[in-house]
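Below is one structure, written out as structure tokens, with a few remarks after it.
The values are calculated or read from the model by the stated rules, or taken from the named source; none is laboratory data. Given the structure is predicted, the values throughout are model-derived calculations rather than measurements. Every residue, glycine among them, receives a Cβ derived from its backbone with ideal geometry; neighbour counts consider all protein chains shown. Remember, those area values only see protein heavy atoms, side chains included, never the ligands or the DNA or RNA. Shrake-Rupley method; radii C 1.70, N 1.55, O 1.52, S 1.80 Å.
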Amino acid sequence: MEMFNTKLFFSCFPRLLARLPITLVIVAVAFACGFLLALLIAAARLYRVPVLSWVAVAYTSFVRGIPILVLLFIVYVGLPLPLLLARAGLDINHWDTLVFVLIAYTMSEAAFQSEIIRSAIIAVDPRQVEAARSVGLTSWQAFRRIVAPQAVQIALPSLGNVLVSLLKDTSLAYSLGVIDVIGIITSIRIRTNRSLEAYTAAAILFLTLSFLMELLFQHLNRRMGAGKGAQGRQCWTGLMLRGRRAI
Amino acid sequence: MNGFTFDTGFFLHEIIVGTRFVPVVLLLSLAPLLAGLGLGLLVAIARVLKLPVLSQLFAVLVVVIRGIPVVLILTISYLFTNLGFGPLAATLGLNAGSSGISYTVVAVFGLSLSATAYLSEALRSALESVQAGQFEAARSVGLSPAQMFRRVIIPQALPVAIPLIGNNLISLIKGSSVASVITVVEIMGGTLLEATRSYQFLEAYLAAAVVYWALGFATERLTALAESHVAKY
């Protein structure tokens, strides 16, 4: 049996690219919805909202502590349970698998991004808020004009890492049966009885995409002046500890 | 309608089943960690010292390996061994087929590849956190490069490196779950085997999650301990 069929390898690209939108939808929805949830989780923890902040701590610890593969399956088989208990009247049996995948990746993003947002806000010197309040800014103004811009600078590099990790993590969505870039390889394998070429093509596709995303964030970081100055550098190392690594 | 129940007894039983597979996970995460630390340190030193050719080559390799999802690295390694092992054994005159290979070894290989790339970056940032003047001072008093790294640079880089290494170990523990894709039975696979009899999948997955969570938590505590230990330098 031949080792590597170059012709088949090149013919895989159009078929994989046709499924790329699904991968990108997962990335975009999970990153954006995850970010909104992460803001709420970070706020609950920063303002020490009773009960909610405890739930937030447990949630982030659990979701960050388990493999995304396990989370995918927990959402897939476990989500119907609370919905049935609540008698929500949702007919979950006809939901597309993609919905479960989107929920699982959003949950994961919310946990990881909330840690980044929280530590970025903590990293801004509290004396800056005092100074802002002393010159007559309201607490909302102080947050919006003083704290938030600095926190964004601090958080941006880590958010970039998280986005690239998310992209790579979506390579596991196929395990629930979503036919994305990886999922389509099954049909290529059935037709041609080979899959090494298709997997290699997918690897090149993911490599190119993550490289492009990294370039995009490098550009953004430069524009926003992220990582500048002694404080920025220190925070950056701190955030790397809280960041994540894809699997 | 309400066909769902949560069997707490079975869930607890599954946690015990899951802990039986902890050694597999430790093999799949500690072996790549050690390989990654050894090879990653060499890569990091080559890049910090800006050795010609080698540093550029490593830089490209690190970007490539980090850009490819682990599931693809593992699947490609798996397919390569499957396709290539038979012919290779034949040319070496061995009577062995690809069915004789342990896929755990393939998984360790693939995970080590990824660990080397990530750890080399962690170690490089730790080495670079040491001020440039320290390198110059060490050389100026006549230390050889090996002495410089062993006596001056690495002791100072260690406090920065330890939390990063701990973080990588947690990622490796979680990443080992992907080995199930190439038929290695680890925590999740183990709990699932029991669940297929009774279709109690939720209990099985949650039990696996709890075991992973506990492993990650233990790693975090151990890292914190190691960190306070090296901080005294």
For the range B:128-176, enumerate the residues that are among the polar types (S, T, N, Q) and surrounded by 19 or more Cβ atoms within 10 Å (Cβ to Cβ). B:Asn167, B:Asn168, B:Ser171, B:Ser176
Pick from the range A:81-108, criterion at pLDDT below 75 and in a helix (DSSP H, G or I), ranking: most open to solvent (accessible area, probe 1.4 Å): A:His94
Considering the range A:163-222 alone, what residues qualify as being buried (at least 19 other Cβ atoms within 10 Å of the Cβ), assigned to a helix (DSSP H, G or I) and acidic (Asp, Glu)? A:Asp169, A:Glu197
Every pair of residues 6+ apart whose Cβ atoms lie under 8 Å, when the first sits in the range A:210-235 and is modelled with pLDDT under 55 while the second is of a type outside the set (D, E, K, R) and part of a loop (DSSP other than H, G, I, E, B): A:Gly232/A:Ala226; A:Arg233/A:Gly227
